Every structure is written in C-alpha cells, then in structure tokens.
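S.K.: Got a structure for you, written out below as structure tokens; questions coming shortly.
The values are calculated or read from the model by the stated rules, or taken from the named source; none is laboratory data. Keep in mind that what you see is a predicted model, and the values were worked out from it rather than measured. Cβ sites come from the backbone with ideal geometry, for glycine too, and all protein chains shown count toward neighbours. Areas reflect the complete protein model, heavy atoms only, side chains present, ligands, DNA and RNA absent. Shrake-Rupley method; radii C 1.70, N 1.55, O 1.52, S 1.80 Å.
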Amino acid sequence: MGTYKYKNRDKNPEIPRKALKKVAKEAKDARAAKDRPVSSSMMIPSVDTAFKTFITARFCSAILAYISDCDETFNYWEPLHFVIFGRGLQTWEYSPEFALRSYTYLLVQGVPGWIYDQIFHPSPLLIFYLIRCILGFGCAVVERYLFKAICREFGIHIGRLWLIFQLFSVGMFVSSTALLPSSFSMYFSSAAFAAWWHKQYNLAVFLVAISALLGWPFAALLGIPIAFDMLFRQKQFKSFIIWVAISAATILIPMVVIDSSYYGKLTLAPLNIVLYNVFTDHGPNLYGTEPLSYYLLNGFLNYNIIWILALATPLLLIAEHFFVPAKGKSTLNFPHWLSLSGLYLWLAVFFLQPHKEERFLSPVYPLISLCGAISLDVTQKIFYRIKTFFTKIEGPNHYLDHTMVIALIVMILSSALGVSRVFSLYKNYSAPMTLMMELDDFKNSPQFNDNIQYNVCVGKDWHRYPSSFFLPSEHFRIRFLKSEFDGMLPAYFSEGENATQVIHPYFNDMNKEDVFMYFDYKNCHFLLDLDLEKYTELEPNYAQRTKDWNVRKNLQFLNPERSNKFLRAFYVPFLTDSYVKYGNFNLLQRNKLV
C-alpha cells in the first residue's frame, strides 16, 4: 500500500506516491512557464549579461558614492579601522556597558582588507575602496541570482523591467556598497527571496538567519512570508524547525564566542540592539524623529516614479483581477499577495516608527524595483484591455506588442531621473571625501615630517568626516572641536590588548555631551570646515583667520537654504547651475606646522 508498482520491476523500482506527485507538479509548473504567451517584444539580456551590467553599476557606486550616513562612518568604518590597524574611533554602542554592535559583522567584511594590508601594506584609502568593491561585487552576485528567480517566477518582461530599475536606482547606488547592516541584510534577504522563489526552502531559511542575526535583527520581518509559506501552505514544520536550529547554531555560536572575546563578557549583540530600540524609554528617538512624509519623499528621491508605482501595486493587482481576463497564472509558484507581502509589512512597521532614517528602507530596495515592474506590467495589460474593447486589433495579439511604448517611456524617464539624481549627489556632496584625499599629497610632499603627529580637526562638520581610512598613515589623527552641536561624539579606542573591554565614563546611551571628546584648537594642524556664510562664536569663519591658516584646497558643497529644492535634488543642465548655490568646503592647513 502507498506505492505504485510498475509492470517492469527490473527497470522501474517502486516509487512513493508523494515523490510521483512532486515530480508531476514540477513538470506541470515547467510546462506552465514554457507555455506562457510569448511576444516578439520578449527580448531580454542573458543572466551573464545582466551580471556584467550589475558589476559595472556597483563598481561605479564603490568609486563614486559618498558616505551619506555618519552612522556608517563612526559605527562601522571607524571600528573596522581599529580592527585592521589597531586605532580608530569608538562610539558608545561599542562600549562593553552597552555592546550593541557586533565585531563578528566587522570581521566578515574586514578580513579581505586585513589580508591586503598584511601582504602589501597599501595606503588605508586603497583598503577602503577594496572593501567597497568587494561589497559591490557581492551585491551584483545576489542581484544576478534574484534576476534569474524573478524571470522564472514573474516572467521575462517583469524581469527585464526589474533589471533596468535596479541598474538606475539611486537607492541601490547609495546602499549597494555601504558598510551598513541594513545593506548587508539587503544582500541576504534578497538572496533568501530568490531561493524561496526557486523553492529552495532550506537555503531561504538559512539566508534569512544570516540577514537577521549577523546583519540587522529587524530584517527577520522579511522572513515572515517565507515562514508562512513553509508552515501553513507547505506544512514543512519539521524542515522549518530543523533549519532554524541549524541556522541559529552555525551563526549565533561563533558570533557569541567572537563578540564575547572582544567585549570581555557574554554578549549577544542582536538581542542587545533589539532591547535598546524596542524596550527602553528613550531608544533611538533621542537621535531625531520625522513625520510620515519623510519616507514618502525619500522614496521618491531614490526611486522617482518607480516608488509611486510600487506603492500602487496592491491596487493595480486588484484592478487586474477584475478587468484583465486571465489566460494563465501570472506567477509560477506563489500568489502575488504572498510574494510581495514582505515589502508592505516592512513599510507598515517602519512608517509608524518616529525615528526614521534613509538606510532603514535599504533591505527592501530590490522589492521596490520588483513591485514597480509588476505595476508597470499590469498597467500595460489594463491599457491593452481598454484598447481591445474600443478597437479591433489586427496582427500580433500579445499585449506587449501594443504597449511597449508605455514601458519604454517609464524606463527612459525613470533612468534619466536616476542618473540626474546620482550626478546631483556627487556634485553636491562629494567634497569631504575628495578633500581628505589631499592629505595623501601632503604626506608625499617635502613638508611632511614623520616625527610629528598631525591633528586633523573638524567642528560643526564632524558628521561629514569620511573615516580614518582617509588619513594617510599612523602619523595623522582626527580631532573634534567644540561647535553648536551638543550631543555625544565618538572617542578613540584605548590602546593595549584589552582595548575593546574598557568601560569609559564618558560614554552613555542618552546622547549627552562630554567635554572629554573635544580638542584644543591651537594644536590643530589641519581643519576641515564648510563655509555657508553662517557664523557663530563656536562656528566662526576659520578661512578668514589668515594669520593661522591657509586654504590648502577648497571645493563646492551644496548650500540647501539658498537653492531650488527640485534642482538641487535632480541635476538639470543649464538650469541647476543657475538656481543652485554652493558654499566652500575648505581643507585648511596651519601656516606653521611645527
């Protein structure tokens, strides 16, 4: 009982019914995908070609993108600099008293940089860009996998649209090479969705675990649709529990061991960050709150019209259900509501949080592109349906043969806006990183004295400092001057073997200022300062103090208060230069360095 017996037993052994049903279902799915209506417009790059375009786009990001979030600098690049070189700035999150950040996360991404330094002893700046390029390459690998899965699950046309939207997405340009847990979670959550759409359930569970435990614990939210499918639709209770246990063991055990050795006590960093952000009275709201419109505007800046399409996807899918006659499944394995629910769960949770930051949307960026592609595809179908209702169609009767002009208009417009935004970001905000590279030239000049420790000071512009990887050698140190800012600043890690285990009295989780972090202005050798013609006693015009300083180099930096809001956000030839105003970002060098 329970098996099917073939007449010829020598050639065909007994096969369980479940196995036969599974094979039959997979064959049916394959035929369904193969038998979908094909249009003459179904031209699409191969997976390898798509991979090459992704690599090109991500390497451009690695080289050209500026660090847009000071949290990336001080919570990740600075501690990573310490891990590699033994010196760097420490924030309160890395104090053993709080232990919110994981050193394991840093090691995973920093080991290639450490190996590069041990073998070749390059400039720290080269290590910075090496790590960025590795992040970009890893992102491209994930996007290749996701592209293949989208084409399989949603169809070639949606895959093609998604490819274009990803390549010209400003959000991806900024986040794809950012050293942030939110970007790390974006890589692995996207890979988890790709594995899920390929019906590789065990791999999907493991990838979600990497995303949430090693990256950002809140990314576990994106695993809910996968867990729902496994538990309630597929009834794979045993497999789910086993792989959750395997994932927890293989990730958490090494993580706890490594982090505990750094902090000098038993540490579970993902739990600590959840407890701080969710179960404390103050939490992240100390660092600013924003209205709901913040994400609406931010989404448009990063995805322009694709963001609008993505928000409208649920409504358009309902419209498609009622107005477009279905000739077959629009997806291969899963209903739209399940496949896309991760995005809307994420938006529902984070839109309601008072503390909002651009990077909080990074994990769902690929899903925004996907929902935008699906919305555009549905729009084309609805348009074709309306057209066939009023006119008789002659010739090819596939909807793409009559609506590709709509897709082309959207792709061209969204791509143009994306390129315009990227160019604007580079032109408006890249000055600090470029100016800091000037220190390399100083180190190679006759003025440089390796018996001096050079102090590079920042005041009100401390949050734009791009990290100690931009300091040419151990002879340079970053220092903070007192400004109108009255919150807590980072301080250098202690020296010695147990540097990461020292509890400092000047760190707190209330964002309270401590004078320990401030440096004596008279001992500054270089000063990074933005002149927007707004001065106070604590934020003077240092460039005018010609007895103390000379301008080694200056570059333009956006003055937002004196610029047109749209033209400062998107570069428009001829118009932007007339309606956008800039200040001078100065790298000042003291007249007498000795």
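S.K.: Let's see if you can work this out: charge +1 on each Lys and Arg Cβ, -1 on each Asp and Glu Cβ, no other charges. What is the dipole magnitude of the chain about its Cα centre, in debye to the nearest 20? Walk me through the numbers before you get to the answer.
M.R.: Details: 56 positive and 47 negative charges, 646 e Å.
The dipole magnitude comes to about 3100 debye.
S.K.: Which of the trypsin sites (Lys or Arg not before Pro) found in region 64-147 are loop residues per DSSP with 16 or fewer other Cβ atoms within 10 Å of their Cβ?
M.R.: R87
S.K.: Further question on the same structure: Pick out the long, greasy-scoring helices in the chain: whole DSSP H runs spanning 30 Å or more along their own axis by Cα, mean Kyte-Doolittle at least 0.0.
M.R.: Details: long enough: 124-154 (44 Å, 1.24); 237-263 (37 Å, 1.48); 365-390 (38 Å, 0.75); 400-429 (43 Å, 1.13).
Correct list, ordered by number: 124-154, 237-263, 365-390, 400-429.
S.K.: Strictly over 27 Å apart at the Cα level, which of K482/K534; K199/K238; K356/K427; K482/K553; K148/K387 would you flag in this model? List each step's numbers first, then the result.
M.R.: Values: K482/K534 16 Å; K199/K238 16 Å; K356/K427 25 Å; K482/K553 23 Å; K148/K387 32 Å.
In this structure, K148/K387 exceed 27 Å between Cα atoms.
S.K.: Same structure again: What do you get for chymotrypsin sites (Phe, Trp or Tyr not before Pro) in region 556-594 restricted to DSSP loop and a cutoff of at most 11 other Cβ within 10 Å of the site's Cβ? Present the calculation step by step, with values, prior to reporting the outcome.
M.R.: On the way: sites: F557, F566, F570, Y571, F574, Y579, Y582, F585; in loops: F570, Y571, F574.
For chymotrypsin sites (Phe, Trp or Tyr not before Pro) across region 556-594 that sit outside H, G, I, E and B with at most 11 neighbouring Cβ atoms in 10 Å, the list reads F574.
S.K.: Let's test the formula: R0 of 25 Å, r as the Cβ-Cβ distance of S415 and V47. What FRET efficiency results, to the nearest 0.05?
M.R.: Working: r = 21 Å, r/R0 = 0.84.
The computed FRET efficiency comes out at 0.75.
S.K.: Next question, about the same structure. Mind giving me the FRET efficiency for F389 and Y294? R0 is 45 Å, r the Cβ-Cβ distance, nearest 0.05 is fine.
M.R.: With R0 = 45 Å, the Cβ-Cβ based efficiency is 0.60.
S.K.: Answer with a single label: of [x] 94, 59, 48; [y] 113, 54, 52; [z] 97, 72, 47, which was calculated as Cα extents along the principal axes in Å from the structure in view?
M.R.: Here the calculated entry is [x].
S.K.: Give the ranking of H504, H402 by solvent-accessible surface, highest area first, calculated with a 1.4 Å probe. Mind showing how you got there, number by number?
M.R.: Working: H504 20, H402 40 Å².
Descending order: H402, H504.
S.K.: Could you do me a favour and compute the accessible area per residue for region 158-203, 1.4 Å probe, result in Å²?
M.R.: Numbers: 780 Å² over 46 residues.
On a per-residue basis, region 158-203 sits at 17 Å².
S.K.: Given the DSSP H assignment, sum -39500 (n - 2.57) over each helix run of at least 4 residues in the chain and divide by its residue total; what's the result at 222 nm in deg cm²/dmol, nearest 500? Mind showing how you got there, number by number?
M.R.: On the way: 21 runs with 303 residues, N = 594.
Calculated at 222 nm, the ellipticity per residue is -16500 deg cm²/dmol.
S.K.: Here is a follow-up. Please report, as a whole percent, how much of the solvent-accessible surface of region 501-594 comes from carbon and sulfur atoms (probe radius 1.4 Å).
M.R.: Numbers: 2920 of 5660 Å².
Summing carbon and sulfur atoms, their accessible area is 52 percent of the total for region 501-594.
S.K.: So, for region 219-327, what is the accessible surface per residue at a probe of 1.4 Å, expressed in square angstrom?
M.R.: Details: 6050 Å² over 109 residues.
Normalised by residue count, the accessible surface of region 219-327 is 55 Å².
S.K.: Please give the per residue accessible area of region 89-133, computed with a probe of 1.4 Å over protein heavy atoms only, in Å².
M.R.: Details: 1590 Å² over 45 residues.
About 35 Å² of surface per residue is accessible.
S.K.: From largest to smallest, what semi-axes in whole angstrom does region 335-475 give when each is the square root of 5 times an eigenvalue of its alpha carbon gyration tensor?
M.R.: Values: eigenvalues 547, 89, 25 Å².
So the equivalent ellipsoid measures 52, 21, 11 Å along its semi-axes.
S.K.: Calculate what fraction, in whole %, of the accessible area of region 229-328 sits on carbon and sulfur atoms when a 1.4 Å probe is rolled over the protein chains. Could you put the intermediate results ahead of the total?
M.R.: On the way: 4260 of 5810 Å².
Carbon-and-sulfur percentage of accessible area, whole number: 73.
S.K.: Using the charge dipole of the chain (Lys, Arg: +1 at Cβ; Asp, Glu: -1 at Cβ; taken about the Cα centre), state which of Q380, S185, M437 has its Cα farthest towards the positive end.
M.R.: With unit charges placed on the Cβ atoms, the residue in question is Q380.
S.K.: Rounded to a whole number, what % of the accessible area of region 370-490 do carbon and sulfur atoms account for, probe 1.4 Å?
M.R.: Values: 2980 of 5130 Å².
The nonpolar share, carbon plus sulfur, comes to 58 percent.
S.K.: Place a +1 charge on the Cβ of each Lys and Arg in region 367-450 and a -1 charge on the Cβ of each Asp and Glu, then give the dipole magnitude about the Cα centre in debye, rounded to the nearest 20. Don't jump to the answer; show the numbers that get you there.
M.R.: Numbers: 7 positive and 7 negative charges, 135 e Å.
Taking the Cα centre of region 367-450 as origin, the dipole is about 640 debye.
S.K.: Among F74, P466, G110, flag the residue with its Cα farthest along the positive direction of the charge dipole of the chain, charges on Cβ as +1 for Lys/Arg and -1 for Asp/Glu.
M.R.: G110
S.K.: May I ask you to derive the relative contact order of the chain, considering only C-alpha pairs under 8 Å and at least 6 residues apart, and to give it as an integer percent?
M.R.: Details: 862 pairs, mean separation 103.7, N = 594.
Dividing the mean separation by the residue count of the chain yields 17 percent.
S.K.: How large is the charge dipole for region 288-370, taken about the Cα centre, if only the Cβ atoms of Lys, Arg (+1) and Asp, Glu (-1) carry charge, to the nearest 20 debye? Mind showing how you got there, number by number?
M.R.: Details: 4 positive and 4 negative charges, 54 e Å.
It comes to approximately 260 debye.
S.K.: Going toward the positive end of the dipole of region 142-233, with +1 on Lys and Arg Cβ and -1 on Asp and Glu Cβ, which of S175, F228, G159 do you reach last?
M.R.: After comparing all options, I get G159.
S.K.: Modelled label-to-label distance, H321 and S578, 7 Å Cα→beta-carbon offset: nm?
M.R.: For H321 paired with S578, the spin-label model returns 5.1 nm.
S.K.: Right, here's the next one. With Kirkwood's inverse mean 1/r over C-alpha pairs for Rh, give me the Rg to Rh ratio of region 403-472, two decimals please. All intermediate terms of the calculation are to be shown ahead of the outcome.
M.R.: Working: Rg = 20.4 Å, Rh = 15.7 Å.
A ratio of 1.30.
S.K.: Something else about it: Tell me, what is a quarter of the convex hull surface for the C-alpha atoms of region 95-179, in nm² with one decimal? Numbers along the way, then the final one.
M.R.: On the way: hull surface 32.0 nm².
Mean projected area of the Cα convex hull: 8.0 nm².
S.K.: What would the Debye formula give as log10 I(q)/I(0) at q = 0.11, 0.20 Å⁻¹ for the alpha-carbon point model of region 178-261, no solvent?
M.R.: At q = 0.11, 0.20 Å⁻¹ the computed log10 ratios are -0.28, -0.86.
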